[in-house]
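One structure below.
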Amino acid sequence: MTQPPQPVRRGRGRRPADEVRGEVLRAAGELLLSEGMAGFTIEKVAALAGASRVTLHKWWPSRGALALDGYFSVVGTTLAFPDTGDIAADLTTQVRAFVHLMRDTRAGRVMPELIGQAQTDPELSAVYRERYSAPRRALAVEALTRATLRGQLRADVDPEVVVDQLWGACYHRLLIPDQPLTEEFAEALVTNLLTGITHP
């Protein structure tokens, strides 16, 4: 059972802004993973971090933006994309790692809540694109572009579309769980994409 985050014990004197910000982000991330968006409030984060609500509102334009920043401070999900020279192996490794994160960790279980909140929170939506989706997409596009230059992919393949085909399918199963999100599914996605689904 997940233990609720505990308030920071404050010493005397004013803390440096960087220290306060770091404690706020840690508190936000721990609260989000512990209670989800339903239990996430700026008031709770402020109390846990020993900071004022005014400070939090000054640094973050919305509850969702704070939640997402806190998410990354605690999870620290790496955006590294493997580059072994074998695009099939690299894509399989990356998509399987994404499936594991979304399916098997607290961070993955809270992601659908963040995506849902982003539909009505423009600040969260902007931070999500800037901090998460855009960097991940860029790394995948770079990997696919390198594979094209190595002659492993056709020159007319659009890497942006490939990203949507692979990770879009994973998000579909994450958000609409008619079928399970599994490593076998991740492997089948890559195989179908690279080999095609029609007879030669």
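Assorted remarks:
- Subset of the range 155-195 that is more than 20 Å from residue 143 (Cβ to Cβ), part of a loop (DSSP other than H, G, I, E, B) and not hydroxyl-bearing (Ser, Thr, Tyr) - its residue that is least open to solvent (accessible area, probe 1.4 Å): 181
- Residue ID - nearest to residue 108 (Cα to Cα), chosen from residues in the range 35-57 that are open to solvent by 50 Å² or more (accessible area, probe 1.4 Å) and touching a residue at least 24 places away in the same chain (Cβ under 8 Å): 35
- Some residue of the range 52-72 being closer than 20 Å to residue 139 by Cβ, touching a Phe, Trp or Tyr at 6+ places or on another chain (Cβ under 7 Å) and aliphatic (A, V, I, L, M): yes
- Qualifying positions in the range 83-99 - open to solvent by less than 50 Å² (accessible area, probe 1.4 Å) and in contact (Cβ under 8 Å) with a residue 60 or more places away in the chain: 85, 87, 88, 91, 92, 95, 98, 99
- Filter result (more than 12 Å from residue 121 (Cα to Cα) and more than 12 Å from the chain's Cα centre (by Cα)) within the range 55-71: 55, 56, 57, 58, 59, 60
- Going through (1) closer than 17 Å to residue 112 by Cα; (2) without any contact (Cβ under 8 Å) to a residue 40 or more places away in the chain; (3) hydroxyl-bearing (Ser, Thr, Tyr) one by one, residue 71 falls short only on (2).
The values are calculated or read from the model by the stated rules, or taken from the named source; none is laboratory data. Values in this document were obtained by computation on a predicted structure and should not be read as measured data. Here Cβ is always computed from backbone atoms with ideal geometry, including for glycine, and neighbour counts include all displayed protein chains. Each accessible area value is taken on the protein alone, full model and side chains, heavy atoms only, with ligands, DNA and RNA left out. Shrake-Rupley method; radii C 1.70, N 1.55, O 1.52, S 1.80 Å.
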